[in-house]
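S.K.: Submitted below is the structure of interest, expressed as structure tokens.
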Amino acid sequence: MEQIKILLKNIQKTLSLSFSLAVAQFKLRNEGSYLGIFWYLLEPLSFFIILLFLGGVISNNSIDKYPLYLFLGLIMYNFFLAVTNSATSVMSSNSGFIKSIKIKPEAFVLANAFQFVFSHIFEIIIFAVFMVFYGVNLAFLLFYPVIFFFFFLFILGVSFTLATLGVYLIDLNNIWQVIGRFLFFATPIFYLIPKNTWFFSLSVFNPLYHYTSISRDIIIYDTLPVFRGMFLVSIISIIIFFAGLYIFEKNKSKFAEKL
Amino acid sequence: MKKIRANLRKNYNIMIRVELKNASKIFSIDFRRDKGSLARLLKVLSGKTEKQERVAVKDISFTARSGEIIGLVGRNGAGKSTLLKLIAGIYETSNGTIKTDGELVYLTSLGLGLMPKLTMRENIFLSGSILGLEQKEVRQRFSQIVDFSGLHDFVDLKVYQFSSGMVTRLSFSTTFFCIKHKNPDILLIDEVFGTVGDFDFERKASEKMEELIKGGATVVLASHDLDTIKKYCNRVIWLNEGEIFGAGNPQEIISKYLSM
């Protein structure tokens, strides 16, 4: 019982440190730039407009409420990419701390993820505005936090693994950027995968496909996905989270000397 | 029965706070970070693995009890920092065991964690978090930190505009009061002397350092400043090339060290 209390206390301390670090990093990113916070919105928005135009020109099969479909997929993917990309180098960026202070390195991985949550919230607000514009019932957006929770667990699991690998492999960042590029096209962000194709069956193995399609089904199209599918996705998110954390914990004692 | 014994131990003040048994640290130095994955892969495939190891600390055993102030002397590269980092848990021992009992603080360079683009206020809260305090605890100490540093007028100024003396005052002040708040049982000090502050601040800072060292915690102090060591420590350990060359009375050990 004592052990559990101590563990919870440690987790709470780590979370509070991560939050402080995330706030500081978020402030730093906005430092001095005139557009500041608006730059976060400008980037996905501009990309969205380009894709919207391309989608309209290229694809013949019109997807119902395409702008909503595209925007939601895009901001979810961007969140995944931003967090994982910076996770690859999070340990070396903070090597000064890790080598000279007794600090829990998990805090840096968590802080890294949290700082992008702030900008993601802004993007969701814009998405809500879009929803109103399209006359979609905003109430379904309330389901998003639940989906996002599991999505976040999955991303954390990947972050912890990448952070650990990134200590030993300095060009992991480059490798991951290539993987990210591949995932962008492999995931149905700006297109729709027709069912009963080989591509569709392969997509089952792409976690991003699941999170984006579940979100879209619930929020935009007002359909409840298969319960078994959602249940499986949540279980797998939890497994990936603990797997990543396990890899991190096993290696963290060696970080100080390898950095 | 266990509780009674523990209480007795506490009362007699003979509690062991730090215990090292045959602790060693071996660094493998074939690990070169500037290798890309391709180069690394080629090396692995070619089968040549030049494994070089450096023994930083070898077979160290000693105990530190509650309230003791132990000095650590030795040449550069003797392994003092490595030893302290091992005790702090920053490095893991390659061999042997290290046990610590109680809240531990490891102090190396001041000014770590200072983000120049943030204001003094934001930096105090950030440093406080990094040192392990909660936001409300930092708030409790905030005015003390500002008062001691003498930088009231600059609280909302960005730190990159501070002079180096101001940075020193800020770092020292923040670090000192945060550590004071944590009231650690074990304090590891790694050559944190010789501030860049002016004469007045230097004097204030030395007083505070003395307060910290004599505050009742178990202190292990690594320094090149032998006068400071003689002044505060009741025991001195002389480390040379990773091994203990001598341990005992400060005057004795220091003169042995100097005559080497």
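S.K.: Taking a threshold of 28 Å on the Cα-Cα distance, which of the pairs A:Lys27/B:Lys85; A:Lys9/B:Lys85; A:Lys102/A:Lys250; B:Lys58/B:Lys182; A:Lys252/B:Lys230; A:Lys250/B:Lys99 fall above it?
M.R.: Details: A:Lys27/B:Lys85 32 Å; A:Lys9/B:Lys85 24 Å; A:Lys102/A:Lys250 17 Å; B:Lys58/B:Lys182 32 Å; A:Lys252/B:Lys230 37 Å; A:Lys250/B:Lys99 20 Å.
Exceeds cut-off: A:Lys27/B:Lys85; B:Lys58/B:Lys182; A:Lys252/B:Lys230.
S.K.: Continuing with this model, one more query. Through the Karplus equation 6.51 cos²θ - 1.76 cosθ + 1.60, θ set to phi - 60°, convert the phi angles of region A:137-153 into ³J(HN,Hα) values in whole Hz; use x for Gly and Pro.
M.R.: Along region A:137-153, the couplings run 4, 5, 4, 5, 5, 5, 6, 4, x, 5, 4, 5, 4, 6, 4, 5, 4 Hz.
S.K.: If you keep only loop residues by DSSP, which chymotrypsin sites (Phe, Trp or Tyr not before Pro) in region B:109-214 have at most 16 other Cβ atoms within 10 Å of their Cβ?
M.R.: Numbers: sites: B:Phe125, B:Phe142, B:Phe148, B:Phe154, B:Tyr160, B:Phe162, B:Phe172, B:Phe176, B:Phe177, B:Phe193, B:Phe199, B:Phe201; in loops: B:Phe162, B:Phe193.
Answer in residue order: B:Phe193.
S.K.: Ok, one more. With N set to the number of residues, divide the alpha-carbon radius of gyration of region B:143-260 by 2.2 N^0.38 Å and report two decimals. Can you show the working numbers first?
M.R.: On the way: Rg = 16.9 Å, N = 118, 2.2 N^0.38 = 13.5 Å.
After normalising by residue count via 2.2 N^0.38 Å, the value is 1.25.
S.K.: Moving to a separate point now. Using helices alone, what [θ] at 222 nm do you get for chain B, with -39,500 (n - 2.57) per DSSP H run of 4 or more residues, divided over all residues and rounded to the nearest 500? Before the final figure, lay out each step's value.
M.R.: Numbers: 9 runs with 106 residues, N = 260.
When only DSSP H runs of four or more count, the value is -12500 deg cm²/dmol.
S.K.: Can you put B:Arg235, B:Arg139, A:Arg228 in order of accessible area, largest first, using a 1.4 Å probe?
M.R.: Numbers: B:Arg235 60, B:Arg139 150, A:Arg228 185 Å².
Highest to lowest solvent-accessible surface, that is A:Arg228, B:Arg139, B:Arg235.
S.K.: Which percentage, to the nearest 5, of the DSSP beta bridges contained in the protein assembly as shown is antiparallel?
M.R.: Numbers: 20 of 37 bridges.
Antiparallel: roughly 55 percent of the beta bridges in the protein assembly as shown.
S.K.: If you don't mind, there's one more thing I want to ask. So how much accessible area does B:Met15 have, in Å² to the nearest 10, using a 1.4 Å probe?
M.R.: Probe radius 1.4 Å; accessible area of B:Met15 about 30 Å².
S.K.: What area, in nm² and to one decimal, does the C-alpha convex hull of region A:27-174 cast on average over all directions?
M.R.: On the way: hull surface 44.7 nm².
Orientation-averaged projected area of the Cα hull: 11.2 nm².
S.K.: At 222 nm, what value in deg cm²/dmol follows for chain A if DSSP H runs of at least 4 each add -39500 (n - 2.57) and the sum is divided by all its residues, to the nearest 500? Each step should come with its number before you reach the end.
M.R.: Values: 12 runs with 196 residues, N = 259.
Theoretical 222 nm ellipticity from helices: -25000 deg cm²/dmol.
S.K.: Using amide H atoms built 1.01 Å from N in the peptide plane, name the residues 5+ places from B:Ile60, or on other chains, whose amide H lies under 5 Å from its own.
M.R.: B:Asn22, B:Ala23, B:Ser24
S.K.: Rounded to the nearest 10 Å², what accessible area does B:Lys214 have for a 1.4 Å probe in the complete protein model?
M.R.: About 130 Å², rounded to the nearest 10.
S.K.: Carbon and sulfur atoms: what percent of the 1.4 Å accessible area of chain A do they account for?
M.R.: On the way: 9730 of 13310 Å².
Carbon and sulfur together cover 73 percent of it.
S.K.: Now a separate question. Counting every Cα pair in the protein assembly as shown, what percent are over 42 Å apart?
M.R.: On the way: 43591 of 134421 pairs.
For the protein assembly as shown, the share of Cα pairs beyond 42 Å comes to 32 percent.
S.K.: Here's another thing I want to ask about it. Residues of region B:83-103 that become at least 20 Å² less accessible with every protein chain present than in their own chain isolated, using 1.4 Å: which are they?
M.R.: Residues losing area: B:Lys85, B:Ala88, B:Ile90, B:Tyr91, B:Glu92.
S.K.: Counting protein heavy atoms only and a 1.4 angstrom probe, how many square angstrom of accessible surface do chains A and B bury in total, to the nearest 100? Please list the in-between numbers first.
M.R.: On the way: alone 14660 and 14700 Å², together 26660 Å².
Separately minus together, A and B give about 2700 Å² buried.
S.K.: Roughly what % of DSSP beta bridges within chain B run antiparallel, to the nearest 5?
M.R.: Values: 20 of 37 bridges.
Antiparallel bridges: around 55 percent, rounded to the nearest 5.
S.K.: Shifting gears a bit: Going by amide H atoms built from the backbone, whose H comes under 5 Å of the H on B:Asn240, apart from near neighbours?
M.R.: Result for B:Asn240 returns B:Phe245.
S.K.: Now, a different point. Please list, in order along region B:236-247, the HN-Hα scalar couplings obtained from phi with the Karplus expression 6.51 cos²θ - 1.76 cosθ + 1.60 (θ = phi - 60°), rounded to whole Hz, x for Gly and Pro.
M.R.: 10, 10, 9, 9, 9, 6, x, 10, 7, 8, x, 8
S.K.: ³J(HN,Hα) across region B:98-104 via Karplus (A = 6.51, B = -1.76, C = 1.60, θ = phi - 60°), whole Hz, x for Gly/Pro?
M.R.: 10, 10, 10, 10, x, 6, 10
S.K.: Continuing with this model, one more query. I'd like to know how chain A sits against the 2.2 N^0.38 Å rule of thumb: what's its Cα Rg over that expected value?
M.R.: Details: Rg = 19.4 Å, N = 259, 2.2 N^0.38 = 18.2 Å.
After normalising by residue count via 2.2 N^0.38 Å, the value is 1.07.
S.K.: What figure in square angstrom, to the nearest 10, would you give for the accessible area of A:Met230 with a 1.4 Å probe?
M.R.: Taking all protein chains as shown, A:Met230 has close to 50 Å².
S.K.: In region A:164-259, what chymotrypsin sites (Phe, Trp or Tyr not before Pro) fall in a loop by DSSP, with at most 11 other Cβ atoms inside 10 Å? Walk me through the numbers on the way to the answer.
M.R.: Details: sites: A:Tyr168, A:Trp176, A:Phe182, A:Phe184, A:Phe185, A:Phe190, A:Tyr191, A:Trp198, A:Phe199, A:Phe200, A:Phe205, A:Tyr209, A:Tyr211, A:Tyr221, A:Phe227, A:Phe231, A:Phe241, A:Phe242, A:Tyr246, A:Phe248, A:Phe255; in loops: A:Phe190, A:Tyr191, A:Phe205, A:Tyr221.
Those satisfying the criteria are A:Phe205.
The values are calculated or read from the model by the stated rules, or taken from the named source; none is laboratory data. All figures in this text were calculated on a predicted structure; none of them were measured in a lab. Neighbour counts are summed over all protein chains in view; Cβ atoms, including those assigned to glycine, are modelled from backbone coordinates with ideal geometry. Accessible surface areas use protein heavy atoms only, side chains included; no ligands, DNA or RNA. Shrake-Rupley method; radii C 1.70, N 1.55, O 1.52, S 1.80 Å.
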